[in-house]
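Each reported figure results from applying straightforward, stated rules to the coordinates on display, with no laboratory input. The model shown is predicted, which means the values in this text are computed figures rather than measured ones. Neighbour counts are summed over all protein chains in view; Cβ atoms, including those assigned to glycine, are modelled from backbone coordinates with ideal geometry.
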Amino acid sequence: MSVVEFSAVSKSYLLEDSNTRRLAALLFPRHFSSPRFTALQDLNFNVRRGETFCIIGRNGAGKSTLLQLVAGISQPTSGAVRVAGRVSALLELGTGFHPDFTGRQNVFLAASMLGFSAGEARRLYPHVAEFAGIGDFLERPVRTYSSGMLMRLAFALAIHVEPEILIVDEALSVGDQAFRQRCLRKVQELRARGVSILFVSHAMGEVKSIGDRALWLDRGKPRELGPADRVADSYLAALAEESRPPRQPSAPHLDGRPALPAFSDRPPDWLDNLPSGDGRRGDGRARIHGFALLDALGRPATHLAPRDSYVARLSFEALDSLERPQAGVLIRNHLGIAFSGVATPRSRCPIPPLSPGECCSVEFRFTLPQFYPGFFSFSPTVFTAPDRQGPPNEPCDLVDNALTLQMGKAAGEVYGSLHVTARVRWSKPSIDQELPRA
C-alpha cells in the first residue's frame, strides 16, 4: 500500500522581483507572462508503507522542494500529490519553533498543533527530553540554542509524535557523531515498526545502510529510481566521472593494463594528471605529477568495495637529489584521520636514488579490508628515509585528499572502524572430563 504518491508532479516559482507584479501574475496569469523557475518536473513515484525512501542529488536538484510538497508546506504547480497518514517533518532547523518560547513550551505547542491532548503531551514530554539530552536548556528560550541543540530537540520531537510518515532532510548533518548514530538507530527502529521514511542525505553510506529505494534527482528531473545500493553507486560514479580530469590513453601491456614507464622516463599522459585535492605541502624536493586508483580490471575506481583489490599508481619528479626516496598513499576517513595506507618502506622494492629532473612511477597493489560504509580519501606522498636516530622527515610533497570515494556496504555488520577477519576454533569438553570449579 502506498502512503505517498506523485503523479506527473511539477513545481515552478515566479521570478518577479516586485510583490505587486508577483500577485498580479498569480491572479491574472493570462495577462502577465512572468519568468518562472522550474524546481521539479514530471515526477512519478510512490512510497510504500514501512519503506525507507531516499532522495539524492546535488544541491539545487529539487530534493527539499519535493519534501515540502509531501509535508504540505507548498502545493504542486501541476500534477497530484497524495499523502495518507500523519506526517512528521524535520526539514529546516527550528521550523515551527517560537524563538522566545522555551524548549519545553515549544514541545507542548507542537504536540497540541498535531492534535495531542494536554495529558498526552505531558506523557510525551519526558521521552522527548531524554532523547534530546540538552538538560537545563529545555527551560531556556529556543533563540539561545546552538544549531546542534536545535537539531537535537527537533529530531527528538519528530520521532516521538507517533508519525506514520517521517521526513528527514539534511538536518542531521549538524549533529555530533554520537547523536547522529543514535538518530540513525532510532530511524531503524521506526522502520521496523512500519513507519514510512523519506530521507534526504549526501552521505551515500547512510543511503545504502538504511534505504530500500532511492530517487536520484538531477536539476528537478528524475534520473534514476530503484534499489538504494544501485542508485547510490550510479550517483557516485557520475560524480567521480565529472571530477576526473581529462586524460590520454597510454600504450597498454599485453594483459590490457596501462604500461608503467621505467624509473628514469617521464610519466605517460595518464599519469600526468592529478585530481584536485585539498592542497599540498612539503619541502619542495619532489613534486607529484599524477595519481590514479584503478580497480581489479584496470579501470578508474568510481567507488570502493570491501575486500576488493585495487592498484594505486603515482608519478613524481625529483627536484633535488634524493638519496633514499620513498613513496606512499595515506587513506583517511571522513574525519580526516589517516588511519591506514601503503608505502614503499614496508615493501621489498626500494626506489633507487634520483637526481634532479628524474621521474619515477610507483605502483601499489592491495586489497581493502572491510571498512564501515563512508567516505575515504587517498593522499599520495613522496618523502625520504629519516636518519636512524632522527625524527621523521617532512614530506617532499603530499597532496591532501587527491581522491575521495564512497565505501560500499559490507555483507555483514562492521563494528567500529573495520572488520577483522579471524579463524575460529572451539572445543567442547567430553562428558567424562572434569570441568573446573567456579
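In plain terms, the chain from Arg48 to Asp136 could stretch by 27.7 nm, reckoned as 0.36 nm per residue minus the Cα-Cα distance. Here the 3J(HN,Hα) profile of the range 394-406, calculated from phi with Karplus coefficients 6.51, -1.76 and 1.60 at θ = phi - 60°, is 5, x, 5, 7, 9, 9, 6, 6, 5, 8, 10, 9, 8 Hz, Gly and Pro shown as x.
Summarising the amide proton neighbourhood of Ile167: residues at separation of 5 or more, or on other chains, whose placed amide H is nearer than 5 Å comprise Ser88, Ala89, Leu90, Leu198. The modelled label-to-label distance for the pair Thr77/Ser10, using points 7 Å beyond Cα in the direction of Cβ, is 0.7 nm.
Taking label points 7 Å from Cα along the Cα-to-Cβ direction, Arg219 and Ser2 give a separation of 2.7 nm.
Provide Met113, Met149, Met204 in ascending order of the number of other Cβ atoms located within 10 Å of each residue's Cβ, fewest first.
Details: Met113 10, Met149 22, Met204 29.
By the 10 Å Cβ count, ascending, the order reads Met113, Met149, Met204.
May I ask for the net charge around Ala312, where only other residues with Cβ less than 12 Å from the Cβ of Ala312 are counted and Lys, Arg are +1 while Asp, Glu are -1?
With Lys, Arg at +1 and Asp, Glu at -1, the neighbours total 0.
Counting Lys +1, Arg +1, Asp -1, Glu -1, what net charge surrounds Thr144 among other residues with beta carbon under 15 Å of its beta carbon? Taking every Cβ under 15 Å from that of Thr144, the sum is +1.
Annotation: amide H-H contacts under 5 Å for Thr52 (H modelled 1.01 Å from N, sequence separation of 5 or more, or interchain): Ile197, Asp212, Arg213. Lysines near Lys11 by alpha-carbon distance under 23 Å, same-chain residues fewer than 8 away left out - which ones? Correct list for Lys11: Lys63, Lys221. Computed over the range 70-157, relative contact order equals 34 percent, with contacts defined as Cα pairs under 8 Å that lie 6+ residues apart. Modelled spin-label separation between Arg425 and Ser147, with each label point placed 7 Å from Cα along the Cα-to-Cβ direction: 5.5 nm. Converting phi to 3J(HN,Hα) with the Karplus coefficients 6.51, -1.76 and 1.60 and the offset θ = phi - 60°, the range 211-221 yields x, 8, 10, 9, 10, 9, 9, 9, 6, x, 10 Hz in sequence order, with x at every glycine or proline.
Excluding same-chain neighbours fewer than eight residues apart, the lysines reachable from Lys208 by a Cα-Cα span under 17 Å are Lys186, Lys409.
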